[in-house]
Number of protein chains: 2
Amino acid sequence: MTTTTNRSPGRRAVTDHGSIERAAFRLFEEQGFDDTTMEQIAESLGVGRRTLFRYFPSKNDIPWGQFDQSLRDFAAQLASVPLEVPVSEAVHQCVVAFNDFDEQSLPQHRIRMRLILDTPTLQAHSALRYAAWRTVIEDYVAARLNMRPDGLVPRLAGHVSLALAVSSYEQWLSEPDSDLTSILRLAMGELRSYLD
Amino acid sequence: MTTTTNRSPGRRAVTDHGSIERAAFRLFEEQGFDDTTMEQIAESLGVGRRTLFRYFPSKNDIPWGQFDQSLRDFAAQLASVPLEVPVSEAVHQCVVAFNDFDEQSLPQHRIRMRLILDTPTLQAHSALRYAAWRTVIEDYVAARLNMRPDGLVPRLAGHVSLALAVSSYEQWLSEPDSDLTSILRLAMGELRSYLD
DNA sequence: AGAATAATGGCACTCAGCGCCAAAAAGATA
DNA sequence: TATCTTTTTGGCGCTGAGTGCCATTATTCT
């Protein structure tokens, strides 16, 4: 009865990304990110420190959860926009969609983003995640405009979209009851009028 | 004759920021940033490792040299723009001026920026320096528009100016004989037309 | 029962960074 | 010249992230 053969051989994993993330977030909120050690996270899970590094390449990566996964969805979303829609409009729509979370997961998302944007160590590390996000936009814009992804315009599109998103997140986090989607749309309007 | 009394008392400094920077850059180019240890830099200067940390708070700060200094000039430059000039125009002009290096210091600047933009460790750390740079813009825009520095528009201005600058740097580094000033101006035009 | 497979986690190591503090090197004073 | 004061140096020892190595453990397969 203990063996119902429907798995691959080998020892069972003793934890998973989700559990680690939850345990870590609890400690981060209690003690702050910098004052929480991998040792403590491991201990609170009853797991070896070495094991944590098999699930997350670094402590800095824990708050980002399954970001790589989302990037694939982001790229797919972009690819599905009709070619009639102007490039910058397509990108903007997808950026808005990418950051549209259902009400259920919103509180957790807020906590996650506050941690990332308020912790200098994580602000720094974010640059690497942001780069991957920008690449998705650069590739799309380059394809749409028939340019190389490392050209000026695709890169501008990536960087500026990120600028818009991060500005909006900062605003969102500073207003308890605000709506991220609205702020993202508002930001695009403000950007256009700022540039005259 | 050995004592011409015109200094403050105490032991003389055995090195300075410039020397450390030069020694470090030599090693960074020979071995790469990540494979160069503070120990090696110290050794190549005939100085204690501990001493390096009194001149630079971290290894990541070495490539940035005297950036804080430049920020003060940047702020002063902004403050000196006549109020007749529209805000976004004022910011853009100062961003261009901030990145206008004389031909003599240009090769070194190129090496510095290539190192920073091509090394993931440094890309990450840059976020913290960029934040300080953005703050200068945020404060200026907020003052000009009579808003709080943490409002949406000032922050957008900071983030978007950075986006423009970094995009331009990436383009500049990818073209051996290009002119940074021209690219910055070009980028502003491309941004406006990208946004329609 | 034993072979094959896969995850675990301990061990030992490197390196950044920091607090502490004694020693070195300079000027100032008498 | 000797001593006092000031300032920088740099050694020591520690913490904590991250890594390579590998024996151990848990599971399925034959």
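The values are calculated or read from the model by the stated rules, or taken from the named source; none is laboratory data. Quantities reported herein were computed from a predicted structural model and do not represent experimental measurements. Don't worry about glycine lacking a Cβ; one is built from the backbone with ideal geometry, like all the others, and counts go over all protein chains shown.
When you scan the stretch B:96-103, do you find a residue that is farther than 24 Å from B:LEU191 by Cα and of a type outside the set (S, T, N, Q), even just one?
Yes.
Restricting attention to the stretch B:34-51, report how many residues are part of a loop (DSSP other than H, G, I, E, B) and within 11 Å of DNA strand C (Cβ to nearest atom).
5
Considering only residues that are modelled with pLDDT under 95 and either farther than 19 Å from B:MET188 by Cα or under 19 Å from the mean Cα position of the chain (by Cα) (or both), look in the stretch A:167-196 and name the one that is surrounded by the most Cβ atoms within 10 Å (Cβ to Cβ).
Among them, the one singled out is A:PRO176.
Report, by residue number, each residue of the stretch B:5-42 that is surrounded by fewer than 18 Cβ atoms within 10 Å (Cβ to Cβ), touching a helix residue (DSSP H, G or I) at 6+ places or on another chain (Cβ under 7 Å) and touching a residue at least 40 places away in the same chain (Cβ under 8 Å).
Matches in the stretch B:5-42: B:THR15, B:HIS17, B:ASP34.
When you scan the stretch A:77-84, do you find a residue that is within 14 Å of another protein chain (Cβ to nearest Cβ) and of a type outside the set (Val, Ile, Thr), even just one?
no
Just name the residue that is farthest from the other protein chains (Cβ to nearest Cβ) out of those in the stretch B:7-65 that are more than 14 Å from DNA strand D (Cβ to nearest atom) and polar (S, T, N, Q).
Only one residue fits best here, namely B:GLN31.
Only one of these conditions is not met by A:PRO82: (1) in a helix (DSSP H, G or I); (2) without any contact (Cβ under 8 Å) to a residue 60 or more places away in the chain. Which number is it?
(1)
Go through A:ASP102, A:ASP139 for me and flag whichever is among the acidic types (Asp, Glu), more than 16 Å from the chain's Cα centre (by Cα) and surrounded by fewer than 21 Cβ atoms within 10 Å (Cβ to Cβ).
Every option except A:ASP139 fails the conditions.
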